[in-house]
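The values are calculated or read from the model by the stated rules, or taken from the named source; none is laboratory data. Quantities reported herein were computed from a predicted structural model and do not represent experimental measurements. When we count neighbours, we look across all protein chains shown, and the Cβ atoms used for this are built from the backbone with ideal geometry, even at glycine.
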Amino acid sequence: MAFDLTEKRYIKETGLEARLSRIIEPVANGLGYALVRVKVTPENGCTLQIMAEDENGRFNINDCEALSKDLSPVLDVEDPIEREYH
């Protein structure tokens, strides 16, 4: 059975997090990752936390780097967060 990239979505975000999910999910899926959750918190100004995993339920630092590299230009164009974030 093939790995279903959308099956792992346990949380359905609302508001800004839902908008971010719609932007992030195709990029993550294109790299072979399932998007698990997107969370925005006011910690340290504004923190964007993206949780994803591969078909084995893992996501290591190299995966994080790959997703960040591909996602950064997309977020720069879409500009969904009105203030600086990290």
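Just a few scattered comments:
- Members of the range 48-83 found to be under 17 Å from ILE11 (Cβ atoms) and either in contact with a helix residue (DSSP H, G or I) (Cβ under 7 Å, 6 or more places away or on another chain) or touching a residue at least 24 places away in the same chain (Cβ under 8 Å) (or both), listed by number: LEU48, ILE50, ALA52, GLU53, PHE59
- Selection over the range 66-86 of residues that are surrounded by fewer than 13 Cβ atoms within 10 Å (Cβ to Cβ) and farther than 13 Å from VAL27 by Cα gives a count of 7.
- The set of residues in the range 1-34 being of a type in the set (A, V, I, L, M, F, W, C), under 10 Å from the mean Cα position of the chain (by Cα) and modelled with pLDDT of 95 or more consists of LEU20, ILE23, ILE24, VAL27, ALA28.
- Count of the range 55-86 residues which are in contact with a Phe, Trp or Tyr (Cβ under 8 Å, 6 or more places away or on another chain) and among the aliphatic types (A, V, I, L, M): 1
- When residues of the range 41-53 are limited to those that are over 13 Å from ILE81 (Cβ atoms) and in a loop (DSSP other than H, G, I, E, B), the one modelled with the lowest pLDDT: GLU43
- All conditions but one from (1) over 14 Å from TYR85 (Cβ atoms); (2) modelled with pLDDT of 95 or more; (3) among the polar types (S, T, N, Q) apply to ASN56; the one that does not is (2).
- Scan the range 56-86 for residues that are in a loop (DSSP other than H, G, I, E, B) and among the basic types (Lys, Arg) and the total you get is 2.
- LEU35 vs. criteria among the hydrophobic types (A, V, I, L, M, F, W, C), in contact (Cβ under 8 Å) with a residue 12 or more places away in the chain and in a helix (DSSP H, G or I): no
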